[in-house]
Amino acid sequence: MGIIGGILVIALVFTLALFVLYGGSSAITEVQQDRADEQSKLVMENVDAEVTTLTRGDDSKVGSLSMAQLENNDAKVVRSGSLNVTVNEDGDCRTEIPLSSVRYQNNEGQTVAYEAGGVWVGHVHENGSAMQTPPSVRFRNGSVDVEVTNLTGEVSNARNQAFYNATSSEQESTERSATVVSGDCNRPDNVTINVTSDFADGWESHLREEFGADRPGIEVRRDGRNVSVFVAQNQLPRRADDERNAVIDFSGAPYMDTVEIDKNTIRVSKGLGREYSAFVEPLAKGQMNIGETREIAQASEAGTQRDIVFVVDESGSMSGSVAGDADNRTEAVWEASQNFAGSLNESRNRVGLVGYSDIYGNPDFTTPGASAWIYEFNANGERFTSDFDAFNDTVEDTEPRRGTNGAAGVKWANTLMHTHSDPTRERVVVFLTDGKLNWDTHEDSPGPKDAARDRAETADSMGTTIYTVGFGSDESDVDDGVLQDMADETGGEYYFAENQDELDAVFQDIEEDTQSREQIARTPTTTNVSTAAGDVLTPDIPGDTSDIESAVENGNQFLNVNDPTAPSGFSHSFRLADDETIQFNTSTYQCDAWRGTDIFRSDGGKAYQVVRCTDFSDKDTEVQPDDITVYTDGDDISSELSSDETTFWQENLEGSIKSNPNVELDGSNQLVMPSNQALVVMDYPDGANTANKQAMLYRLGISESEASPEDIVRWTVGQ
């Protein structure tokens, strides 16, 4: 259960390949041995200092050592021992390095040696040895520092060359580290350092003093040449002690059997009386995507608010006769428009009127800079009105004049929508002409037909739907292709009417179509986090939420987290106490009133307005535990992806994962994410033409990577 390493591996290649003549001097043939024992200890301490200096840094080096003060007997390099570190008493979490030393033996059989950064004295083949200076095996603040220099070669000169290869040393250290950072070594439960040395007495004394053998959780053991120290988890840093830290692993690691996540329930029971930070949010861009594609049957019932602009032809040909009761085409349009307005609900609809002709009209009513007669008719001084009686009187102000500048009519309708329409309202234009477009007020002068198409593109970008109507005795008299293009561009319809009765039917059909349109209805949804103690935590939506509908229960306000106009995504942030159980709950509601937004989604060339619920009361459904699936790091979610059938306006699970930086999929559709995260997929009741699945991301405590105890055992390996 642990990570050894990160491992400050200064891997050194120190080849006492060693002692060659410095500056071309001849090989040492004898080492004088009649110096005092104290002198030999000083020589070995100097070896320690020079080796340490040589092996510091990241670059390969060449240095020199002097052992000329030793007399009588030769010094030599001896490899007779080892040092290993084992995590969790698991052989698969074990790395070992040979111990080599430079030794000098005097005439009385006493040996002075440099080994593992320390200087030792004693009788190798008899009991008893002692530490002169401590080795580079230290225990500080729960971390073990091990520095070992692998010595090879021979001591053969008074001045000796020593070689340090940083590259190969780093490679070996990295390989040793990799051995102990896989499998069950992932988190350290305990660490054992074992030394096999001819100087076991000295090593035992050092380990007892350095590790504090009298502390609970520290145990020093001795068996002949073998000395070991066992470090229990309670002596490791808090970040490595899973009984004390806030590390969470949802994937079921054996040391995390006290962490439970079951459907919508979370519980941590380490028995420590501490708290853990918790965070819950949607996986997909901070918002829900629950709803359905449906027809809003009646505006009065559904609550869709609309602004409708009639753009009426005032060319001279509108004075022509028409079959029916009307004296001419203009009067037929008056009656059809008045009938249309009379069928509207005044509480949710407003109407406006634009008449278009050409330059020979009254210039006081023209659009600035435009070569067209444009009436922006007012009813009671208002551009848009819900006083339909006043509107019906104003309609009769239109009259036949001269040319047919249809592009200017659409342009002025766009201006009217831009300056006076509420962007949350559905926008509709009813465009009528009885002839061919023959005037062009487009800045780039593409021609009257293309100018009209361009104005329609602008209308579409504003969320306006244009219904076009050709009116006359023969459809060949109108630009039916242009009218069709204008309607198609904005998701509307093109109609042709030959007489007054057909015109009335067309306007009635448009009125019904505008009240019975397919829209994307975002199901009102609330969420909460509840504790076993009865506390209820409501969602947080940063920003101004005064216009967001909510439900109030037991004094708690639950915002509609699925409102598409919310200022930001929602989340739940809270503290989870040890041994406490919490549940994430979500409910949907029946909507009593819908309101349009300025958000549109397109599919197959058709635009769908996204509508929001502005009034809900009765709770509809609650997502049940059986409809919730939990996925954690390493889980295969192929089956979830294959059944991830969403509609065009919903982001599917794979897309949500790709857009979230905290979650990834590998090539086998396995989740890759931190240990303290869980992906929770909730299956809501499906709506019309939608499969409603919502993915939530749970985050609890800290992850293993955040609390990685990579420096609990630090190796400095020198070769």
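Rule-based calculations on the coordinates, nothing more; no lab input. Please read these numbers as outputs of a predicted model, since none were measured by experiment. As a convention, Cβ positions derive from the backbone with ideal geometry for all residues, glycine included, and neighbour counts pool all protein chains shown.
Numerical summary
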item	result
Difference of contour (0.36 nm per residue) and Cα-Cα distance, Asp544 to Asp214	112.7 nm
Separation of the Thr531 and Lys658 label points, Cα + 7 Å toward Cβ, nm	4.1 nm
Amide H within-cut-off set for Phe616, under 5 Å, with H built and near neighbours excluded	Asp592
Order by protection proxy (mean Cβ within 10 Å, highest first), peptides 406-418, 219-231	406-418, 219-231
Added length on full extension, which subtracts the Cα-Cα distance from 0.36 nm per residue, Thr419 to Asp592	59.3 nm
Derived scalar couplings ³J(HN,Hα) [region 331-339; Karplus, 6.51 cos²θ - 1.76 cosθ + 1.60; whole Hz; x for Gly, Pro]	5, 5, 5, 3, 5, 5, 5, 5, 5
Rounded to whole Hz, the Karplus (6.51, -1.76, 1.60) HN-Hα couplings of region 626-638, x for glycine and proline	5, 9, 10, 10, 10, 10, 10, 3, x, 6, 8, 10, 4
FRET efficiency, 1/(1 + (r/R0)^6) with R0 45 Å, evaluated for Thr621 and Ser80 via beta carbons	0.05
Mean Cβ neighbour count within 10 Å, used as a protection proxy, ranking 465-473, 591-599 highest first	465-473, 591-599
Gained length - Asp92 relative to Ser573, 0.36 nm times residue gap less alpha-carbon distance	169.2 nm
Modelled FRET efficiency - R0 22 Å, Glu706 with Ala232, Cβ distances, 0.05 increments	0.40
Nearest-0.05 FRET efficiency for Arg221 and Asp636, computed from C-beta distance (R0 56 Å)	0.80
